[in-house]
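Have a look at the structure below, then the notes.
The values are calculated or read from the model by the stated rules, or taken from the named source; none is laboratory data. All of these numbers come straight from a predicted model, not from anything done at the bench. Cβ placement follows ideal geometry from the backbone for every residue including glycine, while neighbour counts extend to all protein chains displayed.
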Amino acid sequence: MRQGQSLFERNRLRFKTFISTAFIAATLLVSACKGNDSPTSLNTVSASPTPVVSGASSAAAVGVQNSYATVVDRVAPAVVTIRAEKRVRAPQQHPFLDDPMLREFFGDRLPRGGQQTPPRERRQSGLGSGVIVTADGYIMTNHHVIDGAQDITVELTDRRTYKAKVVGSDPPSDIAVLKIDASSLPVLTLGNSDQVRVGDVALAVGNPLGLGQTVTSGIISAKSRSTGISDGSFEDFLQTDAPINQGNSGGALVNTNGELIGINSQILSPSGGNIGIGFAVPSNMARNVMDQLVKTGKVRRGQLGILVRPVTADLAQSLGMKEARGVVVSDVQPNSAAERAGIKTYDVITQLNGAPVNDSNMLRNQVAGNAPGTEVTLTVNRDNREQSIRVTLGELQPQTSAANDTSGDGARGNNSGDTKLGIGVEPLTPELASRLNLRAGTQGVVVSEIDSAGPAAEAGIERGDVI
């Protein structure tokens, strides 16, 4: 029993000694930590490294941008609201007052049509956006925003308002330039739209539906788009999914550097609201139009005087080409710049001034971007031999419509043909037969025009086919 008690006493004494020692060690450690507050000292106390947390913190570590507020702060003051008003005559309310049957019943109690009060005028208001491009008050917007307006008011983001006058307007490109009497205005720097890439982030700034200035974001979805909606054929749109609605027209499409890369112009929507398909006039085209409007009040465009169509795989094979590229000349207008330079039917144009020609719309815009009288160099494939031809451009007349435009693109061919089938044809000459690699003596006609809704198109007939 004593031995057991003695053992118990010894174990209790050891336990007390252990507790005391642990308490003293803990006290010393706490004192050491309290005596040094530096981050370095605290870090050295830790026995294991701090774990890395994925997500927002790691995104910040690699510099992912999560806000465009700085860009918007710089851009927003240069985007304005445009209110355009025009006076229109109200329609005649009672055009049937002189009807004999009515007069039989009501006699002279009805006023004579010729004695009616002249129709009253009413004011029709339009809303759009604009971009200040010079500190002394030049503003770019869309032609359709101010078309026919008698009174135009520009409202800045600081609520200052100015009366604006139209410097010039260009329906084919849907660009107009206004001028307000002001100075030291905030401006938006014009970027180089040729350097824009599909997938780049884009911000749209404007006044949709009269809500006030609004910023939306998206990406560049496509380049060199042509919708055929606007008044004219000079379309080279940037397509974006940044939400654009009515009222955004004439507003800014900017990149993340705060540079203007486009003037918002159109949306494609069955409902009239945004579905993520919007179009902007590229800044390089807008700049060219603006410079001419400011200097002369009108826009002059170069013209080749040819009709062209894309080179398909089948057509490339028939022309003996190794690959389908460029555009093929389907018609050369008499006394045109192209005819004077020696351009011939079935020449394949692959480059203009060294720049590739990928489709007819691109060629048209490249040609029209040059002033009349400018000398350009076309790279042409003729009879499987590549050659360079210098052409001095003519001038495209303003009344030339998209249907008969010959600046460098078109869908028309020879007018002779079968309207019931929906085709136009031209004789198959020995020269054409040779260039199409047909057997000597082959007779027939070449399809130079086709109605896309006609029976021939439904049957698979294409321009360039030989009947």
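The table below lists the values:
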quantity	calculated
Cross-chain or 6+ apart pairs with Cβ under 9 Å, region 264-281 first and at positive phi, then aromatic (Phe, Trp, Tyr)	none
Subset of region 265-321 that is assigned to a loop (DSSP other than H, G, I, E, B) and charged (D, E, K, R) - its residue that is surrounded by the most Cβ atoms within 10 Å (Cβ to Cβ)	Arg301
Output for region 203-220, where each listed residue is among the aliphatic types (A, V, I, L, M) and under 19 Å from Gln246 (Cβ atoms)	Leu203, Ala204, Val205, Leu209, Leu211, Val215
Residue match in region 239-246 (condition: modelled with pLDDT under 95 and under 14 Å from Val79 (Cβ atoms))	yes
Residue match in region 435-449 (condition: part of a strand (DSSP E or B), modelled with pLDDT under 85 and closer than 23 Å to Glu235 by Cα)	yes
